[in-house]
Amino acid sequence: WMSKSLGNGIDPLEMVDQYGADATRFTLTLLCAQGQDIKLAPSKFEMGRNFANKIWNAFNVFGQFMETDGEAPARDYRRSRSFDELELVEQWMLHRLNTAIEDIEDSLDRYRLNEIAERVYDVFWRDYCDWYLELIKPPYGEEMEEDKIALAAEIYETLLKLLHPLMPFITEELWWKVRPR
């Protein structure tokens, strides 16, 4: 058991200094299920830091192809194709996103914050980064189609909105990299 009198407690301010506020907040939310004790080691916060890095790197996959003014997109990217006109991988990603939103709303209704963190982590990392972005990424040296940039940005914005209550600082920073000012 962690105890202040035993001196084996973890100082959250040290975790914030070492891993960042968003990583600390996300990790604590993810690990702290209602009514359960947890074994909390400083190394667990590495997961939150790695997730923050993944979120940032995900933007770079499609963001490198956006026209920018140096800080933000120079214009608004909006997809022109309807759902039925999208490629199968794009339809799959939108389906996974909508399913995740439904799951998150259900968890929110039941005040299960750890389930929300788990679901956002899963759809962001596994579905969006590991599959979707890898499948739409153009071969090295080629440009990404504008409609693919638009859909990748649209999904990314939605994921940032879902993640914002859990990781407000990085999501705010990245929001302004995706949206024109």
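Every read-out reported here was derived from the displayed coordinates using simple, explicitly stated rules and does not represent laboratory data. Since we're looking at a predicted model, the values are computed, not measured. So basically every Cβ, Gly included, is an ideal-geometry build from the backbone, and we count neighbours across all protein chains shown.
Using just the helices of the chain, give the 222 nm mean residue ellipticity in deg cm²/dmol: DSSP H runs with n ≥ 4 each add -39,500 (n - 2.57), and the total is spread over all residues, rounded to 500.
When only DSSP H runs of four or more count, the value is -17500 deg cm²/dmol.
If you rank K54, K161 by fewest surrounding Cβ atoms within 10 Å, what's the result?
K161, K54
So for the chain, taking the charge dipole from beta-carbon charges (+1 Lys/Arg, -1 Asp/Glu), which of T171, I155, H95 sits furthest toward the positive end?
Value: T171.
From the cross-link list K39/K177; K44/K137; K44/K161; K44/K148, which pairs have alpha carbons spaced over 29 Å apart?
Among K39/K177; K44/K137; K44/K161; K44/K148, the Cα-Cα distance tops 29 Å for K39/K177; K44/K137; K44/K148.
So what is the relative contact order of the chain, in percent, for Cα pairs below 8 Å that sit 6 or more residues apart?
With pairs under 8 Å counted, the relative contact order is 31 percent.
Once you sort the root eigenvalues of the Cα gyration tensor of the chain as a ≥ b ≥ c, which label holds: rounded (a/c under 1.5), prolate (a/b larger than b/c) or oblate (the other case)?
prolate
Calculate the FRET efficiency for R126 and S82 from the Cβ-Cβ distance with a Förster distance of 41 Å, rounded to the nearest 0.05.
With R0 = 41 Å, the Cβ-Cβ based efficiency is 0.95.
About its Cα centre, how strong a charge dipole does segment 1-147 have in debye, to the nearest 20, once Lys and Arg get +1 and Asp and Glu get -1 at the Cβ?
820 debye
Checking the cross-link filter: which aspartates and glutamates have an alpha carbon closer than 14 Å to that of K54, excluding same-chain neighbours under 8 positions apart?
D22, E46, D122, D127, D130, E134
For an R0 of 30 angstrom, estimate the FRET efficiency from the Cβ-Cβ distance between E46 and E105 and round to the nearest 0.05.
0.50
Just tell me the longest site-free run in the chain, where the sites are GluC sites (Glu not before Pro) in a DSSP loop having at most 14 other beta-carbon atoms within 10 Å.
1-66
List the chymotrypsin sites (Phe, Trp or Tyr not before Pro) within segment 35-127 that DSSP assigns to loop and that have no more than 11 neighbouring Cβ atoms inside 10 Å.
In loop regions of segment 35-127 (DSSP not H, G, I, E or B), the sparsely surrounded chymotrypsin sites (Phe, Trp or Tyr not before Pro) are Y111.
Mean Kyte-Doolittle of at least -0.5 plus a Cα span of 24 Å or more along the axis: flag which DSSP H helices in the chain meet both, please.
Helix filter hits for the chain: 45-63, 88-109, 146-163.
Which listed residue (A52, F26, S107) has the Cα farthest towards the positive end of the charge dipole for the chain, taking +1 on Lys and Arg C-beta and -1 on Asp and Glu C-beta about the Cα centre?
Towards the positive end, the residue furthest out is F26.
Can you list residues from other chains, or at least 5 along the same chain, whose modelled amide H is less than 5 Å from the amide H of T68?
So T68 has HN proximity to A74.
Dipole of segment 97-159, Cα-centred, from +1 at each Lys and Arg C-beta and -1 at each Asp and Glu C-beta, to the nearest 20 debye?
240 debye
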